[in-house]
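Single-structure report; data block below.
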Amino acid sequence: MTFKPILLGVIALALVACNGVDPNSPLGKRQAIFKQMLKTSEDLGGMLRGRLSFDEQRFADGAARLDALSRQPWQHFPQIREEDSSARDEVWQRQERFRQLAEDLERSTAALVAATAARPLEPRALAPHVQRVEDACEACHREFRAY
């Protein structure tokens, strides 16, 4: 009787492992970074759009975190395409354009951080900077992500 639950547990773990992404693989590393970027960006946008209460220090810290994160995922794109990637083949075929869009994102997050230097922070003044970050993300997704 105890054999059946153990067998079902092993089967369940095997199925999860087959569908999972190795967190130490380049794909797993960049997925983790992109998820952190999305969460941070959503929090910043939420503060500006009233979903979250605006907290000046939390916003500035989030902008700095997003800026640091925006510089990290690119190192985890290998020179050849991975089978499990949700990126289009163009990431590898048009690497110069991909790098340009990555740099656009980095510039927009750096500008957002610079905008947090002038205190007190005014949400209306920060909104265009957050929009530029969101637009930079969207531009890259339109060209290179296979939805």
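The values are calculated or read from the model by the stated rules, or taken from the named source; none is laboratory data. No experiment lies behind these values; they were computed from the predicted model shown. Every residue, glycine as well, gets a Cβ built from its backbone with ideal geometry; the counts of neighbours run over all protein chains shown. Each accessible area value is taken on the protein alone, full model and side chains, heavy atoms only, with ligands, DNA and RNA left out. Shrake-Rupley method; radii C 1.70, N 1.55, O 1.52, S 1.80 Å.
Search segment 106-147 for residues being hydroxyl-bearing (Ser, Thr, Tyr) and part of a loop (DSSP other than H, G, I, E, B), and hand back the single one that is surrounded by the fewest Cβ atoms within 10 Å (Cβ to Cβ).
Within segment 106-147, the match that is surrounded by the fewest Cβ atoms within 10 Å (Cβ to Cβ) is TYR147.
Mind telling me which of the residues GLU96, GLU103, GLU83 ends up being at pLDDT below 95, surrounded by fewer than 15 Cβ atoms within 10 Å (Cβ to Cβ), in a helix (DSSP H, G or I) and not aliphatic (A, V, I, L, M)?
On the way: GLU103 fails: at pLDDT below 95; GLU83 fails: in a helix (DSSP H, G or I).
GLU96 is the lone residue from the list that is at pLDDT below 95, surrounded by fewer than 15 Cβ atoms within 10 Å (Cβ to Cβ), in a helix (DSSP H, G or I) and not aliphatic (A, V, I, L, M).
Pick from segment 47-74 the residues that are part of a loop (DSSP other than H, G, I, E, B) and closer than 27 Å to ARG97 by Cβ: which of them is least open to solvent (accessible area, probe 1.4 Å)?
GLN72
Answer yes if at least one residue in segment 64-81 is in contact (Cβ under 8 Å) with a residue 24 or more places away in the chain, in contact with a helix residue (DSSP H, G or I) (Cβ under 7 Å, 6 or more places away or on another chain), over 14 Å from ILE33 (Cβ atoms) and hydrophobic (A, V, I, L, M, F, W, C), and no otherwise. Write out each step before concluding.
Here is the first cut: in segment 64-81, the ones in contact (Cβ under 8 Å) with a residue 24 or more places away in the chain are 64-67, 69-74, 76-78.
Keeping just the survivors that are in contact with a helix residue (DSSP H, G or I) (Cβ under 7 Å, 6 or more places away or on another chain) gives 64-67, 69-74, 76-78.
Remaining after also requiring over 14 Å from ILE33 (Cβ atoms): 64, 78.
Right, trim to hydrophobic (A, V, I, L, M, F, W, C) and you get 64.
So far as segment 64-81 goes, yes, one or more of its residues are in contact (Cβ under 8 Å) with a residue 24 or more places away in the chain, in contact with a helix residue (DSSP H, G or I) (Cβ under 7 Å, 6 or more places away or on another chain), over 14 Å from ILE33 (Cβ atoms) and hydrophobic (A, V, I, L, M, F, W, C).
Give the residues of segment 106-136 that are modelled with pLDDT under 95 and not basic (Lys, Arg), sorted by residue number. Can you show your working first?
Kept after step one, since they are modelled with pLDDT under 95, are these residues of segment 106-136: 118-119.
Answer for segment 106-136, where residues must be modelled with pLDDT under 95 and not basic (Lys, Arg): just ALA118.
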